[in-house]
Amino acid sequence: MKTNIYEYAKGEETNFLADKVRVGDNWEFNFRDHVQLIFHLKNGIFYTGENNWLRSFKNIIEPLIDLANWTEDIEVKDIVFYIENQTGRVLSFLLKKYHDEVFVKEHDIDEYIDEIAESDNSYGLVLTQKTNTARPEVLQLNQIAFGDQTDLMGGPLGFKHHFTPDKLRQMASAGWGKVENGANISIEDLITLASNEKEPDGIPQTKTNRVSGKSIEVYVIRGNLPEHYLKDNDNMEDWYNQLHIIAYYIGENKNEEGVTLYRKKEKEGNIAVHSSKPVHGRAIGRGVGESLLHPQVWTNFLEIHKMNLLEAGSKIPLVTDDAEYSNKNQIQDMENLEITVVGEGKSIKQVPTAAPANIQLFSGSINEWFAHAQLTASAQDPLLGVEQVSGTTFRGQERTVAQGRGPHDRKRGKRAKFIEWTYRNWMIPDMVKEITKGKEFLATLTSDELQWVSEQLATNYAAKTNVEHVLNGEEIEPKEILKQDFLLKFAKKGNNHLIKILKDDFKNVEIKIGINVAGKQKDLANLSDKVLSIFQFAFSNPQAFRQSMQNPALAKAFEDILEFSGMNQSDFASLVKQAPQPQVEGEQQQGASPKQELELNAPAPKV
C-alpha cells in the first residue's frame, strides 16, 4: 500500500488505465478502454486513426440506442405509491401529493430516470450515488478514476471531477474544506492554488485541455481503506468504509501536490449499481452499445472501401498506343466536342476502373450488417417506423410490434425494480423529512384535502386507541366518539399538531408503502378494472351510488379503485358522502340525533 491517500489514488488510477482482467479463456477486458470505445463510436468518432471527416463513418449505434431509450422509457407518471392497509392510506396520499406537485419538479426526476436508461443502454451499467440533496446522481462512467474491474462494489471506488471555483464553493454546504471534517486546506485557499488546465475525463496523464477559467481536479474515493489513511497513524491492518475527498494542485517545484477537503467514516449503501444484462466476471454488463460494436466496426470498414471504389470509379483514366499523343493533346483542357487526332493505326480508350457490381457487393454487405444490428438491438422495422410490405394487416403489424417490444419490456422491468430500490432506500426518506418540516408543503394542500387528511387521521387514532384498550384489558370506546374527540383537538392545535402526528405515522413508511413502477410490481390498472365492474350500475345513478357507499364492503372496494389507480381519495370525499335529505317545514325529527345517540351509547365514566 502507498504511504498516503494521494499516492494511492494516483497509483490506482495508473493501474486502472493499463491493467486488464481475464473474463474468459480468450477474453481480456479493460474497463476504461471499453467505455472509451463505446463513447467514441456512439458519438460518430473513430476510436483509432484519423478523424478528419475524410473517412466515411455510418453511425448505427446512436439511432438504435435512442430507439431502446424511447421504447423502454419510464416516466414519472408511471410511479405510483399505494398502501393496501386502509388505515395507512393518508400516508400514501401525502407522498403522492408531495411527489407529484413538489418533488419531481424541484429535482427533475424525469431527467434522472432518463439518465439511468441512457447509461444502461449505452454501456451496460448504471452507477448512482446518494447525494446531500433528495435526488441521487447518475455518475458518468468515464469519470471513474479507478475501481475493481471484476466487481465495482468489491473494492474502493475513485471518481475524478473537475470543479469551477463557484461549484466548489457550493460544496461547503456539504462540509468540504472544514477542519472538523478532516480537511487540511480551505476551499478558498485551494481555489487560489488552482490552474486553468484540466485532463480529459477517462484519459489521465495525457495532454491537458486549457480552459478559460480555473479548474480544480477533485477525487472522491469511497470504500474499505486502512485506518492509516483516515487517522494518519501506522495502523495498516484495520480496514473500514471511508469517504475521502482530495484534490491536487501544481506546487512551486512544478510537482503535483495533494490536499484533503473531507475525510470521515461512511456507512455503506451510498453507491448503487445496476445492469439489465450483467456479465459474470467483469464490472460492467452488456449494453446495446457493446452488442453493436461488431456491426459498427464492419459497417465503417465496408463504407470506407466502398467510398474508395466510388472515388476510383469517378476517375476516367485513358490509355493509348500513340506515344506522341500526350505531347500534342491535353485532354483535361479540351472543350466539349473538341476534335482530336490519333496517329494512323493507333487507338485511345478508357481504362476500366471500379465495376458497379463490386460497389453493389459492398452495399449488400453493409445492409446485411445493419439487419444483424437490428436483430441484436431488437429494433425491427415496425419499431423504427418503417412502412410494412403491402398486404400486412393492422393486427399483424400490431402483433409484430408487440413481439419486438418483448426484450425491451424485460429490460424496462429490471430497470423499474432498480428505480423502486432508489425510491425506497434514498428518496422516500428525504421526501418524508420535507413533508414533516411542515408549513411549505402544507401550503399546497387545499381545504378539502386537509379535511380529508384530518378525518383519516381521526380514523387511525380511533383504531389505535381501541387496540391499546384491548391490550390493556380496558373497555373499547365507540369509534365515532374517539374520532370527534380527535377532530376537536386537531381543530384547536392546527397544522403544527398535524405535523407532530405525521412524524410518528411516517416512521418506517418506506417499508409499509408499496411502490409500483411501470406496472412491474403490481398490475394496479387491471386490478382497478376488475373492481370497477362492481360499480357499473352505481355510476349510472349517482343517488344509488351514494347509497351503495353506505355499505362498508362497497365503500372499501371503491377506495381500492382510487388507491390502486394512483388517484387522490380526497377528490372524491364529497361524492361518497350521503346527500342531506330535505326536511319538510314543521316536521318533527324522529329519534335522537347522532350526537345524542353517541352520548347515550357511551360507556359510563369510571369511578
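The values are calculated or read from the model by the stated rules, or taken from the named source; none is laboratory data. Please read these numbers as outputs of a predicted model, since none were measured by experiment. Cβ coordinates were reconstructed from backbone atoms using ideal geometry, including for glycine residues, and neighbour counts include every protein chain displayed. Side chains included, ligands, DNA and RNA excluded: accessible areas come from the protein's heavy atoms. Shrake-Rupley method; radii C 1.70, N 1.55, O 1.52, S 1.80 Å.
What do you reckon, is ASN69 open to solvent by 10 Å² or more (accessible area, probe 1.4 Å), of a type in the set (S, T, N, Q), under 13 Å from the mean Cα position of the chain (by Cα) and closer than 30 Å to GLN296 by Cα? In short, yes.
Restricting attention to the range 356-372, and to residues there that are touching a residue at least 40 places away in the same chain (Cβ under 8 Å) and aliphatic (A, V, I, L, M), which single residue is least open to solvent (accessible area, probe 1.4 Å)? Going through the qualifying residues, I end up with ILE366. Of the candidates LEU554, LEU532, the single residue that is under 42 Å from the mean Cα position of the chain (by Cα), modelled with pLDDT under 75 and not basic (Lys, Arg) is LEU532. Does the range 48-59 hold any residues that are of a type in the set (Ser, Thr, Tyr) and either assigned to a strand (DSSP E or B) or surrounded by 14 or more Cβ atoms within 10 Å (Cβ to Cβ) (or both), and which are they? Across the range 48-59, the qualifying residue is only SER56.
Annotation note: Cβ proximity below 6 Å between a residue of the range 37-56 that is closer than 14 Å to ILE304 by Cβ and a residue that is modelled with pLDDT under 95 and open to solvent by 80 Å² or more (accessible area, probe 1.4 Å) (sequence gap 6+ or interchain) occurs for SER56/MET307. Taking the conditions (1) open to solvent by 20 Å² or more (accessible area, probe 1.4 Å); (2) at pLDDT 90 or above; (3) touching a helix residue (DSSP H, G or I) at 6+ places or on another chain (Cβ under 9 Å) in turn, GLN205 satisfies each one other than (2). Every condition in (1) at pLDDT below 85; (2) out of contact with any helix residue (DSSP H, G or I) (no Cβ under 8 Å at 6 or more places or on another chain) holds for GLU449 except the one numbered (2).
Being hydroxyl-bearing (Ser, Thr, Tyr) and modelled with pLDDT of 75 or more, is that true of even one residue in the range 565-576?
Scanning the range 565-576 turns up no residue that is hydroxyl-bearing (Ser, Thr, Tyr) and modelled with pLDDT of 75 or more.
Residues that are at pLDDT 90 or above and open to solvent by less than 30 Å² (accessible area, probe 1.4 Å) number at least 2 in the following helices (runs of 4 or more DSSP H) confined to the range 263-336: 288-291, 293-313. Has the range 26-45 got any residue that is at pLDDT 90 or above, under 24 Å from GLN143 (Cβ atoms), assigned to a loop (DSSP other than H, G, I, E, B) and open to solvent by 70 Å² or more (accessible area, probe 1.4 Å)? Checked the range 26-45: at least one residue is at pLDDT 90 or above, under 24 Å from GLN143 (Cβ atoms), assigned to a loop (DSSP other than H, G, I, E, B) and open to solvent by 70 Å² or more (accessible area, probe 1.4 Å).
Residue pairs whose Cβ atoms lie under 8 Å apart, sitting 6 or more positions apart in sequence or on different chains, and linking a residue in the range 60-75 that is under 15 Å from SER291 (Cβ atoms) and part of a helix (DSSP H, G or I) to a partner that is open to solvent by less than 10 Å² (accessible area, probe 1.4 Å) and of a type in the set (S, T, N, Q), are ILE61/GLN296; ILE65/ASN121; ILE65/SER122; ALA68/ASN121; ASN69/ASN121. Could you check, for the range 109-118, whether at least one of its residues is touching a residue at least 60 places away in the same chain (Cβ under 8 Å), in contact with a helix residue (DSSP H, G or I) (Cβ under 7 Å, 6 or more places away or on another chain), open to solvent by 10 Å² or more (accessible area, probe 1.4 Å) and of a type in the set (D, E, K, R)? Scanning the range 109-118 turns up no residue that is touching a residue at least 60 places away in the same chain (Cβ under 8 Å), in contact with a helix residue (DSSP H, G or I) (Cβ under 7 Å, 6 or more places away or on another chain), open to solvent by 10 Å² or more (accessible area, probe 1.4 Å) and of a type in the set (D, E, K, R).
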